Amino acid sequence: MQALNLPNYQKKLTHADGKTFIYDTVRRKKVVLTPEEWVRQHFVNYLITEKNYPKERIANEVTVSLNGMTRRCDTVVYNRYLEPVAIVEYKAPTVPISQDVFEQITRYNICLRVKILIVTNGLEHYCCRVNDDGLTYTYLKEVPEYGEIAET
């Protein structure tokens, strides 16, 4: 797999039936290793180890209902009251971060109404704070510490 613009960590990889699996510490199970999953596991590790996000407040593959259709957010972060405070959308390293990706994550936010949106392909990371009007965004220079977003 491709090197990412994220800290390396001790991954648990296994092989079975011609497939490679990576252990997801949040879901507590092995999942098929895809380029997007590679980015997810590295970014979640970054949130936990570098930004002090409690593993117990992170959920992967969160189902939301949007206009009668079921969708899945890649990662949702919750505060201590289990209210969603951030959404993370992952793309494979070969997928450029585009306006379409931001529109995807903002559609998810119609349901969750979080204050922080993060999009990454493992090479580029974009983070923005949803302004109080709920319609505009302020881009942040870096992903905030958990304590900063858990209080928003």
Just to verify a result, which residue in segment 88-112, among those that are of a type in the set (D, E, K, R) and surrounded by fewer than 12 Cβ atoms within 10 Å (Cβ to Cβ), is modelled with the highest pLDDT? 100
Could you identify the single residue in 46, 81 that is under 12 Å from the mean Cα position of the chain (by Cα), open to solvent by 20 Å² or more (accessible area, probe 1.4 Å) and of a type in the set (Ser, Thr, Tyr)? 46
In this structure, is residue 86 closer than 19 Å to residue 4 by Cβ and of a type in the set (A, V, I, L, M)? no
Given 119, 85, which one is of a type in the set (A, V, I, L, M, F, W, C) and either within 20 Å of residue 27 (Cα to Cα) or assigned to a loop (DSSP other than H, G, I, E, B) (or both)? 85
Looking only at segment 122-143, and only at residues there that are over 14 Å from residue 43 (Cβ atoms) and assigned to a loop (DSSP other than H, G, I, E, B), the one that is most open to solvent (accessible area, probe 1.4 Å): 141
From the set of residues in segment 49-69 that are in contact with a strand residue (DSSP E or B) (Cβ under 6 Å, 6 or more places away or on another chain) and among the polar types (S, T, N, Q), which is most open to solvent (accessible area, probe 1.4 Å)? 63
Segment 1-38, residues that are aromatic (Phe, Trp, Tyr) and either in contact with a Ser or Thr (Cβ under 9 Å, 6 or more places away or on another chain) or part of a strand (DSSP E or B) (or both): 9, 21, 23
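The values are calculated or read from the model by the stated rules, or taken from the named source; none is laboratory data. Because the structure is a prediction, the values reported are computed rather than measured. Neighbour counts run over all protein chains shown; Cβ positions are idealised from the backbone, glycine included. Only protein heavy atoms, including side chains, enter the accessible area calculation; ligands, DNA and RNA are left aside. Shrake-Rupley method; radii C 1.70, N 1.55, O 1.52, S 1.80 Å.
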